[in-house]
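The next block holds one structure in the form of structure tokens; read it before the comments.
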Amino acid sequence: MLFITPSNIHYRPATSVDFEKIGQLLHSCRLPNHDLNPQLQYFFVAEMGNTIIGCAAIEVYGNDGLFRSLAVSDAFRNLKVSEKLLSHIIQLSKEKELSGLYLLTTTAPEYFRKKGWVQIERDTAPHALTLSTEFASVCPASAICMSKQV
Amino acid sequence: MIEIKCMTEDSWSEVARIYEEGIATKNATFQTEAPLWNDWDKAHRKDCRLIASIDGKIVGWAALSAVSARPVYAGVAEVSIYIDQEFRGKKIGDQLMNILIQKSESNGIWTLQSGIFPENEASIRLHVKHGFKVLGIKDRIGKMDNNWRSVALLERRSNSIGID
């Protein structure tokens with residue numbers, strides 16, 4: 001039995017095998033999952049045993065990254081899973097020498113503001129990034145765009 | 001309008017149909033087919049069996065089974081709850097769970113427990129909403145269709161029964 005404690009949660013980069021489970025998790029968290037593609041997104045997953053309980057991803061566009069798909073299963077709140085995933089993504093962004101990260105959110109602008117993200121106008125995001133599926137079609141126009149220096 | 005009633009043998013064919021639907025999702029149970037009424041009847045407590053119906057159509061059910069024959073665990077029971085696929089998202093689970101908890105407490109049950117596939121987010125959410133806590137995950141506890149599956153264990157301790 002793996003008890004619900006932070007020490008039983010492990011973080012690792014996802015492989016293509018994980019994408020089906022990641023898609024299910026995003027679906028249950030009401031986040032877009034139709035455009036998942038192991039060629040396009042670098043996912044990190046949080047895992048207890050073989051159960052994926054959280055995920056987050058970046059899509060790389062030149063020197064910039066689109067941060068997306070941050071999701072944590074409802075049963076595993078208050079274990080700082082999203083914070084850990086976010087710091088893994090930022091570490092990965094540093095390794096990839098990205099200069100800026102961008103995201104779209106409809107539900108959590110306050111959360112990201114506290115983490116040092118700044119709200120920007122959607123049009124000011126890098127052009128290549130605005131052509132991404134998430135920007136162009138998946139996220140509604142009302143979504144708030146935010147940015148953070150890596 | 002949703003109506004919650006006690007389950008009787010008459011409702012078994014509809015209860016079994018909804019059970020089979022749940023089995024087919026591969027996210028509800030390791031069971032591969034609904035049992036016969038007699039077997040199910042023997043395995044479940046008689047005092048906490050409910051059906052939910054809308055305009056006379058059975059759209060969900062809930063029941064409890066004892067976890068142990070030992071007297072010390074007489075007030076501990078395992079939850080089963082199933083909702084007709086076509087009637088998901090209509091708060092039927094909420095209403096069934098409400099009444100199930102009330103009935104369990106009026107029958108002296110102090111602990112309800114549930115084993116849920118972690119992928120079954122809707123069921124976990126329903127349980128957590130009604131006061132269940134996730135204790136942990138039994139990692140790769142059983143095999144289904146050649147895949148090892150894990151089960152999340154949830155528990156709800158009553159604040160009104162077994163508090164002496």
Exercise. Quick one: how many residues across the range A:24-38 are of a type in the set (D, E, K, R) and within 12 Å of chain B (Cβ to nearest Cβ)?
Worked result: 1
For this session: For the range B:1-49, name all the residues that are among the aromatic types (Phe, Trp, Tyr) and at pLDDT 95 or above.
Result: B:12, B:19, B:37, B:40
For this session: Report, by residue number, each residue of the range B:20-61 that is in contact with an Asp or Glu (Cβ under 9 Å, 6 or more places away or on another chain) and touching a residue at least 60 places away in the same chain (Cβ under 8 Å).
Result: B:21, B:26, B:27, B:28
Problem set entry | Some residue of the range A:27-50 being in contact with a strand residue (DSSP E or B) (Cβ under 6 Å, 6 or more places away or on another chain), charged (D, E, K, R) and either surrounded by fewer than 18 Cβ atoms within 10 Å (Cβ to Cβ) or touching a residue at least 60 places away in the same chain (Cβ under 8 Å) (or both) | no
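For the range A:1-118, which fully contained helices (runs of 4 or more DSSP H) count at least 2 residues that are of a type in the set (Phe, Trp, Tyr) and on the phi < 0 side of the Ramachandran plot? Full working, then the answer.
Numbers: elements: A:19-28, A:81-95, A:109-114.
Correct list: A:109-114.
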Seminar exercise, completed: Subset of the range A:4-23, residues among the polar types (S, T, N, Q), within 14 Å of another protein chain (Cβ to nearest Cβ) and either more than 20 Å from residue B:152 (Cα to Cα) or surrounded by fewer than 11 Cβ atoms within 10 Å (Cβ to Cβ) (or both), comes to A:5, A:7
For this session: Return the residue satisfying two criteria in turn: it lies in the range B:131-157 and is part of a loop (DSSP other than H, G, I, E, B) and touching a strand residue (DSSP E or B) at 6+ places or on another chain (Cβ under 7 Å), and of such residues it is surrounded by the most Cβ atoms within 10 Å (Cβ to Cβ).
Result: B:132
For this session: For residue A:77, indicate whether it is charged (D, E, K, R) and either free of Cβ contacts under 8 Å to residues at least 24 places away in the same chain or surrounded by fewer than 19 Cβ atoms within 10 Å (Cβ to Cβ) (or both).
Result: yes
For this session: Within the range B:100-130, track down each residue that is more than 10 Å from chain A (Cβ to nearest Cβ), surrounded by fewer than 17 Cβ atoms within 10 Å (Cβ to Cβ) and assigned to a helix (DSSP H, G or I).
Result: B:102, B:106
For this session: Could you grab me the full set of residues in the range B:75-114 that are under 22 Å from residue B:152 (Cα atoms) and acidic (Asp, Glu)?
Result: B:78, B:94
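The values are calculated or read from the model by the stated rules, or taken from the named source; none is laboratory data. Just so we're clear, the structure is a prediction, and the values are computed from it rather than from any experiment. All Cβ positions, glycine included, derive from the backbone under ideal geometry; neighbour counts span all protein chains shown.
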